[in-house]
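Presented below is the structure to which this report refers.
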Amino acid sequence: MGDAEVTNPPDSPIGRPTRRTFLRRASGWTLASTAGLPVVFADHLPAGVPLLGLPGAQDPAPIPGKDGLRVFNDRPVLAETPAHLLDDDVTPASRLFVRNNGLPPALDDVDADAWEIEVAGEAMAEPRTFTVGELRDRFESVSLPLVLECAGNGRAEFQPPAAGTPWTTGAVGCPRWDGIRLRDLLTACGVGEGAVYVAYESADRHLSGDPARKPISRGVPIAKALEPESLLAFGMNGAEIPALHGHPARLVFGGWPGSTSGKWVRRILVRDRVHDGAKMGGSSYRRPRRPVRPGAEVQDADMEILGAMPIKSLITAPRSGVVHRAAETLEVRGHAWVGDRAVAEVFTSIDFGATWQPAALGPAPNRNAWQRFRAEIALPEPGYYEVWARAVDDAGRGQPMVLPGWNPKGYMNNACHRIAVQVDA
Ligand SMILES: Nc1nc2c(c(=O)[nH]1)N[C@H]1C(S)=C(S)[C@@H](COP(=O)(O)O)O[C@H]1N2
Ligand SMILES: [Mo]
């Protein structure tokens, strides 16, 4: 255990205005505060890792229908959910992050059942058009909780900073999606032998106002599209999909970059090649095939399209900065998820990763949904602590303790989530 007198662990910027502290402040980081508390396991803190610190009060700007989201931008709307508001097993609409690339369509008097979706593309014998009403009548209804996570979730932690919205931990949620299996629709349309990719085109508008430009048009390889959990959804949590989230129809590919889950879908294209729509090329939703030096420029030929999201977990209770009594154990809970694989184990650490204790892991409702974990944690003496959580998937891959490989757009940061805990006598 750490020396109770140590308030400034070696290499920590706390209380020491080093050059690095200044740079962090200048780049939007706030100076961590332990409110004068001793850092109990300070001698285990890996060199160069700054403490989280105890948070100050936050006053997020409101979005109608949303509860406590942190708003980054209003045109397009970009907002993430603080970790302690993601504690529900099934994420309510009021707490689901918003990531728009353009401007949502005007939906004021849209008749959802009459909304038309065309299924077309080179690998489809002939294009077919259905209304949402027909799709609902014709195909079996399915309702599944599925994780939707923006591939840029966690981007804010990369150094040097990666371009894009500085999501911290809140561009993720696991609502229950109501709709039909995409494969039932594709099979009924006679998906051809040559099908390589399934892509969407949507009704949202480009920020430039140019009707010829699409804000985003992405998709998934045919194998993912044909999985039984890949949905064309018309509802969320037993109600209509909220306007911001894609009403009246969106794709949901749980466990894959959120950008594949097209909102306001107008066309589904079965392509005979890798889709080449907006945000399929360059550094959009792509990363270097092999690790690169942070800040490096990467040649286009060395980039690959992001696939399934890596193993990850989030502590949703207590809220970071909680004040706790030393005599009582602390219940820590959260969720763990992984794209396309299964979560095998979750561990927690109170000594900056020196030792890890297994947490209790709840059952998975289905593939591509998140799973609950819980741990009862004893905190031996008063002071400042951090609780870190680390999940491991069924291939034995665990979350990195600090940061995974840097990439130009800061995708797929699945570093351990951390909360600060103040323990009083
Ligand atoms: N048509 C359309 N679909 C879209 C987007 C968009 O801007 N337009 N954003 C994508 C991205 S990048 C993400 S992360 C998710 C976000 O879904 P949400 O806003 O419902 O949380 O939707 C995806 N689908
Ligand atoms: Mo995203």
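The values are calculated or read from the model by the stated rules, or taken from the named source; none is laboratory data. Worth saying up front: this structure is predicted, and the values here are computed from it rather than measured. Glycine gets a Cβ as well: all are built from the backbone with ideal geometry, and neighbour counts include every protein chain shown. These area figures cover heavy atoms from the full protein model, side chains too; ligands, DNA and RNA do not enter into them. Shrake-Rupley method; radii C 1.70, N 1.55, O 1.52, S 1.80 Å.
Would the stretch 151-169 turn up any residue that is within 18 Å of His275 (Cβ to Cβ), modelled with pLDDT of 95 or more, in contact with a Pro (Cβ under 9 Å, 6 or more places away or on another chain) and crowded, with 20+ Cβ neighbours inside 10 Å?
Scanning the stretch 151-169 turns up at least one residue that is within 18 Å of His275 (Cβ to Cβ), modelled with pLDDT of 95 or more, in contact with a Pro (Cβ under 9 Å, 6 or more places away or on another chain) and crowded, with 20+ Cβ neighbours inside 10 Å.
Of the residues making up the stretch 391-425, those that are within 22 Å of Leu51 (Cβ to Cβ), at pLDDT 95 or above and of a type in the set (Val, Ile, Thr) are Ile419, Val421, Val423. You will find that of Leu148, Leu144, Leu186, Leu182, the residue that is away from ligand 2 (no atom under 16 Å from the Cβ), under 30 Å from Ala123 (Cβ atoms), modelled with pLDDT of 95 or more and touching a helix residue (DSSP H, G or I) at 6+ places or on another chain (Cβ under 6 Å) is Leu182 and no other. Could you check the stretch 212-245 and list, in sequence order, the residues that are free of Cβ contacts under 8 Å to residues at least 40 places away in the same chain and part of a loop (DSSP other than H, G, I, E, B)? Once the filter is applied, which keeps residues that are free of Cβ contacts under 8 Å to residues at least 40 places away in the same chain and part of a loop (DSSP other than H, G, I, E, B), the stretch 212-245 yields Ala212, Ile241. Filter the stretch 170-190 for residues that are open to solvent by 50 Å² or more (accessible area, probe 1.4 Å) and either β-branched (Val, Ile, Thr) or in a strand (DSSP E or B) (or both) and give the result. Matches in the stretch 170-190: Arg176, Thr187. Annotation: Tyr411 fulfils all but one of (1) surrounded by fewer than 21 Cβ atoms within 10 Å (Cβ to Cβ); (2) closer than 21 Å to Trp337 by Cβ; (3) among the hydroxyl-bearing types (Ser, Thr, Tyr); the unmet one is (1).
Among all residue pairs at least 6 apart or on different chains, which show Cβ distances below 9 Å where the first residue, located in the stretch 95-121, is over 27 Å from Tyr285 (Cβ atoms) and in a strand (DSSP E or B) and the second is at pLDDT 95 or above and open to solvent by 50 Å² or more (accessible area, probe 1.4 Å)? Taking only residues 6 or more apart or on different chains, the pairs are Glu116/Thr129; Glu116/Arg266.
For the residues Gly53, Gly65, the requirement of being open to solvent by 20 Å² or more (accessible area, probe 1.4 Å) and in contact (Cβ under 8 Å) with a residue 40 or more places away in the chain singles out Gly65. For the stretch 85-99, the count of residues that are open to solvent by 40 Å² or more (accessible area, probe 1.4 Å) and within 16 Å of ligand 2 (Cβ to nearest atom) is at least one. Considering the stretch 196-225, the residues that are open to solvent by less than 40 Å² (accessible area, probe 1.4 Å) and away from ligand 2 (no atom under 16 Å from the Cβ) include one that is nearest to Trp256 (Cα to Cα), namely Lys224. Consider Leu103 carefully, then state whether it is within 11 Å of ligand 1 (Cβ to nearest atom) and surrounded by fewer than 21 Cβ atoms within 10 Å (Cβ to Cβ). For Leu103, the condition - within 11 Å of ligand 1 (Cβ to nearest atom) and surrounded by fewer than 21 Cβ atoms within 10 Å (Cβ to Cβ) - is met. Taking the stated definitions as given, is Glu193 acidic (Asp, Glu), open to solvent by less than 40 Å² (accessible area, probe 1.4 Å) and in a loop (DSSP other than H, G, I, E, B)? No: the conditions fail for Glu193. Scanning the stretch 258-281 for residues that are open to solvent by less than 20 Å² (accessible area, probe 1.4 Å) and closer than 19 Å to Phe130 by Cβ, we see that the one that is farthest from ligand 1 (Cβ to nearest atom) is Val270.
The number of residues in the stretch 387-425 being among the charged types (D, E, K, R), under 29 Å from Pro257 (Cα atoms) and in a strand (DSSP E or B) comes to 3. Considering the stretch 226-240, the residues that are under 21 Å from the mean Cα position of the chain (by Cα) and not acidic (Asp, Glu) include one that is most open to solvent (accessible area, probe 1.4 Å), namely Asn237.
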